[in-house]
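Written out below as structure tokens is the structure these notes cover.
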Ligand SMILES: [Zn+2]
């Protein structure tokens, strides 16, 4: 698990809000070169810079934290390699 910084700034509602999430390495290529991006709607996506693997979170119009958590859950559920489970 590595910790990644996430910024969201959506229509001035969350000006420069910053939070941190923990992500497993990429399930496709093992990279830790990841980012979490926000689409300026209550929806987030985890993206791998090395293989362009992605996991999209659910759209949660009333809760950005829940939208973010769903993207993190989607990414971390994707068949982590055995050595990453500890
Ligand atoms: Zn990857």
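The values are calculated or read from the model by the stated rules, or taken from the named source; none is laboratory data. As the structure is a prediction and not an experimental result, all values here were calculated from the model. Glycine gets a Cβ as well: all are built from the backbone with ideal geometry, and neighbour counts include every protein chain shown.
The set of residues in the stretch 30-44 that are farther than 17 Å from residue 1 by Cβ and within 16 Å of the ligand (Cβ to nearest atom) contains only 37.
When residue 20 is tested against the conditions (1) more than 8 Å from the ligand (Cβ to nearest atom); (2) out of contact with any helix residue (DSSP H, G or I) (no Cβ under 6 Å at 6 or more places or on another chain); (3) in a loop (DSSP other than H, G, I, E, B), the lone failure is (3). The residue of the stretch 55-78 that is nearest to the chain's Cα centre (by Cα), among those that are within 16 Å of the ligand (Cβ to nearest atom) and surrounded by fewer than 16 Cβ atoms within 10 Å (Cβ to Cβ), is 56. For the stretch 31-46, the tally of residues that are out of contact with any helix residue (DSSP H, G or I) (no Cβ under 7 Å at 6 or more places or on another chain) and either surrounded by fewer than 16 Cβ atoms within 10 Å (Cβ to Cβ) or modelled with pLDDT under 90 (or both) stands at 9.
Number of residues in the stretch 1-30 that are at pLDDT below 90, over 15 Å from residue 67 (Cα atoms) and under 15 Å from the mean Cα position of the chain (by Cα): the value is 1.
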